[in-house]
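A short write-up of the structure that comes next.
The values are calculated or read from the model by the stated rules, or taken from the named source; none is laboratory data. Keep in mind the model is a prediction, meaning the values are calculated, not measured. Backbone-built Cβ (ideal geometry, glycine too); neighbour counts: all protein chains shown. Note: areas computed on protein heavy atoms with side chains; ligands, DNA, RNA excluded. Shrake-Rupley method; radii C 1.70, N 1.55, O 1.52, S 1.80 Å.
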Amino acid sequence: MIQLYDYWRSSAAYRVRIALNLLGLKYQRVAVDLVKGEQREPANLARNPLGLVPTLEIDGLRLTQSLAIIEYLNDTRGGLLPTDAVGRTKVRALSFAIAMDIAPICNLSVRSHVAKITDGAVSADEWQRHYIGKGLAAFEVMLGQAGTFCHGEQIGMADICLVPQVYNAERVGIDVTSLPQIARIVARLRDHPAVSAAHPDHFKT
């Protein structure tokens, strides 16, 4: 049985749920409550030394880092990255822009720390609006002339990263309709059963 250790609202875990669904892989979900601090407990640290989610147990392996997990799923099952070098490079660049540049500085530990050290002068939501808004504006430009999805006509790793990031953007009041390609792509993605089934509302605890 594939096991996914995740938190319902974690964008990184959301990415992996989408990827597993797209590949038709059944999994058992084990919740790790970030708000309660369960990520810092010994059991989770043994799985994920950084004290993060997700962790995926599959094929006798224990994998961490959402993009590394998605790359592994692509390498072993296929379908999540283009087969050509140019396409893979573009998709990785788009994916990294979200997963490495936007998301980490807006995660729970960072935004909570910012609010604390500024004594509330900078709220967690203000922090997110600034960096997510700036990052998605750049992502819109990076898309160039996108196809049906971020790269061509097939859902891939960049789309898997984009959906959770737009979910977070909307939670803090960012209107993505000002970013027409992102808005168009995400609207289409949300109608896909595999993407819809991964939505945090289905796992809220």
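Give me the residue from region 128-183 that is in a helix (DSSP H, G or I), open to solvent by 20 Å² or more (accessible area, probe 1.4 Å) and of a type in the set (G, A, S) and, out of that set, farthest from K90 (Cα to Cα).
S178
I'd like to know if region 80-88 contains one or more residues that are modelled with pLDDT of 95 or more and either of a type in the set (F, W, Y) or within 17 Å of the chain's Cα centre (by Cα) (or both).
Checking region 80-88: at least one residue is modelled with pLDDT of 95 or more and either of a type in the set (F, W, Y) or within 17 Å of the chain's Cα centre (by Cα) (or both).
Okay, residues lined up against (1) open to solvent by less than 30 Å² (accessible area, probe 1.4 Å); (2) more than 19 Å from the chain's Cα centre (by Cα):
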{"site": "L34", "(1), (2)": "no, no"}
{"site": "A46", "(1), (2)": "no, yes"}
{"site": "V53", "(1), (2)": "yes, no"}
{"site": "I70", "(1), (2)": "yes, no"}
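Enumerate the pairs (first residue in region 111-139 and acidic (D, E); second residue anywhere and open to solvent by 50 Å² or more (accessible area, probe 1.4 Å)) with beta-carbon separation below 8 Å, excluding pairs fewer than 6 apart on the same chain, so at least 6 apart or on different chains.
Note: pairs meeting the criteria are D125/G173.
Report whether or not V163 is touching a residue at least 40 places away in the same chain (Cβ under 8 Å) and touching a Leu at 6+ places or on another chain (Cβ under 6 Å).
yes
So in region 71-114, with the set limited to residues that are outside any helix (DSSP H, G or I) and not aliphatic (A, V, I, L, M), which one is nearest to D125 (Cα to Cα)?
Step by step, filter region 71-114, then rank; the result is N107.
Return the total of residues in region 14-32 being surrounded by fewer than 15 Cβ atoms within 10 Å (Cβ to Cβ) and among the aliphatic types (A, V, I, L, M).
1
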